[in-house]
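A quick write-up on the structure given underneath.
The values are calculated or read from the model by the stated rules, or taken from the named source; none is laboratory data. Note that this is a predicted model, so its numbers are computed, not measured. Cβ atoms come from the backbone with ideal geometry, glycine included; neighbour counts cover every protein chain shown.
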Amino acid sequence: MRVSVQSEPFDLGAEVASFTAGAAGAGAVVSFTGIVRPDGGLTGMEIEHYPGMTGKAIQAILAQAVDRWKLVDGLVIHRHGRLAPGETIMMVATAAPHRGDAFAAAEFLMDYLKSRAPFWKKESRDGGESWVAAKDSDEDALKRW
Amino acid sequence: MIDVLYFAWVRERIGLPRERVETGAATVAGLVKELCAREERYAAAFADISALRVALDQELADFDAPLAGVREVAFFPPMTGG
């Protein structure tokens, strides 16, 4: 299990390759990547986080996923700081004996990271800056688990 | 003394990221009340606590949670990770 909270970009291909190589016994690896959506005249995004809490909160979410879906391994990388449209924000990878568990665990991780990991996004547009508001649907998404 | 941290628009409205606070409050809600009584910028940040979340020693908690033994309180809007 690895969690990395970092400002630097990461190499998606290299991360998935090394995660897969290390997941001995897995029959399925699923990865998800979040990207800064270049819509509505977005010029950039600033991601703030709570350094004392972020790593611990993600570790706890990942440990829950590993335990519930009997994952061989799990990985979460989440960036903070200034990001440009099209840049990768974060990724998760899950390894399991079968694909159903790997897909379910990845979706669970995404739902929980969205509303339980202490990150806040601020968008910049030509007209100014604004904080991204959490959606009710994000909170509702947790209920299915 | 307790460390109080603010993030995102809560930090912007209050105008600082963290401070040490001397408090006699028994609960988070009591602390919020004390802060709001200080200055308008606190009252503005805490105007609608249903729009806020709180963490005690880096764990999510409720506004009626006790403060006894807590070293760090953080206030922030609902998280937008992922």
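Mind listing whichever residues of segment B:9-19 are touching a residue at least 12 places away in the same chain (Cβ under 8 Å) and over 12 Å from the mean Cα position of the chain (by Cα)?
Selection gives B:TRP9, B:ARG13, B:GLY15.
A:ALA134 - would you say it is within 14 Å of another protein chain (Cβ to nearest Cβ), modelled with pLDDT under 95 and in contact with a Pro (Cβ under 6 Å, 6 or more places away or on another chain)?
In short, yes.
Checking the conditions here, which among A:ALA93, A:ALA102 is part of a strand (DSSP E or B), more than 14 Å from chain B (Cβ to nearest Cβ), buried (at least 16 other Cβ atoms within 10 Å of the Cβ) and out of contact with any Lys or Arg (no Cβ under 7 Å at 6 or more places or on another chain)?
Unique residue meeting the criteria: A:ALA93.
A:ALA141: in a loop (DSSP other than H, G, I, E, B), within 13 Å of another protein chain (Cβ to nearest Cβ), over 17 Å from A:PRO9 (Cα atoms) and free of Cβ contacts under 8 Å to residues at least 40 places away in the same chain, yes or no?
Criteria not met by A:ALA141.
Search segment B:24-75 for residues being within 14 Å of another protein chain (Cβ to nearest Cβ) and farther than 22 Å from A:PHE119 by Cβ, and hand back the single one that is surrounded by the most Cβ atoms within 10 Å (Cβ to Cβ).
If we take residues in segment B:24-75 being within 14 Å of another protein chain (Cβ to nearest Cβ) and farther than 22 Å from A:PHE119 by Cβ, then B:VAL70 is surrounded by the most Cβ atoms within 10 Å (Cβ to Cβ).
Mind checking which pairs have a first residue in segment A:74-85 that is more than 24 Å from A:ALA106 (Cα to Cα) and a second that is among the acidic types (Asp, Glu) and surrounded by fewer than 23 Cβ atoms within 10 Å (Cβ to Cβ), Cβ under 6 Å, 6 or more apart or different chains?
Sorted first by the residue in segment A:74-85, then by its partner, the pairs are A:ARG82/A:GLU46.
Going by the conditions given, is B:VAL21 in contact with a strand residue (DSSP E or B) (Cβ under 7 Å, 6 or more places away or on another chain) and away from every other protein chain (no Cβ under 14 Å)?
So B:VAL21 fits the description; yes.
Of the conditions (1) part of a helix (DSSP H, G or I); (2) more than 12 Å from chain B (Cβ to nearest Cβ), A:PRO85 clears all except one; give me its number.
Failing condition for A:PRO85: (1).
So, restricting to helices (runs of 4 or more DSSP H) that lie completely within chain B, which ones have at least 3 residues that are of a type in the set (Gly, Ala, Ser)?
B:28-38, B:40-45
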